[in-house]
1. For the chain, set up a Gaussian network in which alpha carbons nearer than 10 Å are linked by springs, and say which option among 95, 194, 57 fluctuates the most.
2. Calculate the all-directions average of the projected area of the chain's alpha-carbon convex hull, and give it in nm².
3. Estimate the FRET efficiency between residue 105 and residue 190 by the formula 1/(1 + (r/R0)^6), using the beta-carbon distance for r and 22 Å for R0, to the nearest 0.05.
4. Taking the chain as the reference, fit the longest principal axis to its C-alpha atoms, fit the long axis of helix 171-185 to the helix C-alpha atoms, and give the angle between the two in degrees, 0 to 90, nearest 10.
5. Gaussian network model of the chain, Cα springs within a sub-10 Å range: biggest mean-square fluctuation belongs to which of 125, 219, 258?
6. I need 61, 164 ordered by Cβ neighbour count within 10 Å, fewest first.
7. Measure nothing but the geometry: give the 0 to 90° angle between the long axis through the Cα atoms of 237-246 and the longest principal axis through the Cα atoms of the chain, rounded to 10°.
8. Round to the nearest 10 and give me the degree value, 0 to 90, for the angle of helix 142-155's Cα axis relative to the longest principal axis of the chain.
Ligand SMILES: CC(C)(COP(=O)(O)OP(=O)(O)OC[C@H]1O[C@@H](n2cnc3c(N)ncnc32)[C@H](O)[C@@H]1OP(=O)(O)O)[C@@H](O)C(=O)NCCC(=O)NCCS
């Protein structure tokens, strides 16, 4: 535990590899599970991934603010705002925030997904525009999902399910998968995908029908026995269920973030047929009025 009176920190805006390693340590120490070590490494690969850190006298990272300015995204999201627990309430967060605001590209819409106790604070300042949609955090055991998937696929029309083939991602499918993703998201995320799919810790399955990509799904590390699921994109409910069943080949839980407006049959399926836990999670706000978009980066 850090000493509370040690607020002698330096704010660093030009990050080196040492800082990025320290960031992974901060996430681990603060049990901030969204970003295990591998995902921090991923952030270093993209020129649009930015961070400001606070470093104490011993060189330890005690504060972090990250944001993303992906060129094809219409909204730039602030992704992590975190000060080590022993250092909070001494203005470190505010100092990092000032540095970020000096660096964000002028004129762009900024977005933030906030915890309930922070949302009004953000909205009273730089993020006055509330989104109609927040996000849910869902999680379910692979055991319950496997049973549900088997039943759903057993009940489905065999003519439909027999045409679906689920395969591991391979080099010859990447281009088709990226085009499929672009068709759904409306923007080209090739740079992201090429780095993401290279990571050993990420499992990706692709659904094919007559050789054509009709869905895909990724699974990444999260925390202990829980892995993060997503995105899961599919042309039909049956394809989604087939993909999910292939993601349940371990004992543990899968966690995912769903937009709150989502009333898709897939979410209903998880809620009704697995031991799915649903938490109301982030409240989304914007710096300027904008058409809402799903967060996909
Ligand atoms: C949120 C957090 C990063 C602020 O860092 P900090 O160094 O403690 O903040 P400061 O001392 O500079 O800020 C003083 C006050 O301004 C608030 N504040 C800080 N940055 C702010 C911002 N950008 N907009 C609005 N309010 C802000 C702080 O919450 C704090 O409020 P309080 O007095 O009601 O507690 C820190 O409290 C933290 O790590 N919290 C846990 C993680 C978390 O909840 N992160 C936010 C997720 S949405």
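1. 57
2. Projected area, direction-averaged: 15.8 nm².
3. Working: r = 21 Å, r/R0 = 0.96.
My answer for the efficiency is 0.55.
4. 70 degrees
5. Evaluated over the chain, the most mobile residue of the options is 125.
6. On the way: 61 26, 164 21.
Least crowded to most crowded, the residues run 164, 61.
7. Between helix and principal axis, roughly 70 degrees.
8. 30 degrees
None of the figures in this text is laboratory data; all of them are computed from the coordinates on show. Computed from a prediction, not measured in an experiment: that's the story for all the values here. Every residue, glycine among them, receives a Cβ derived from its backbone with ideal geometry; neighbour counts consider all protein chains shown.
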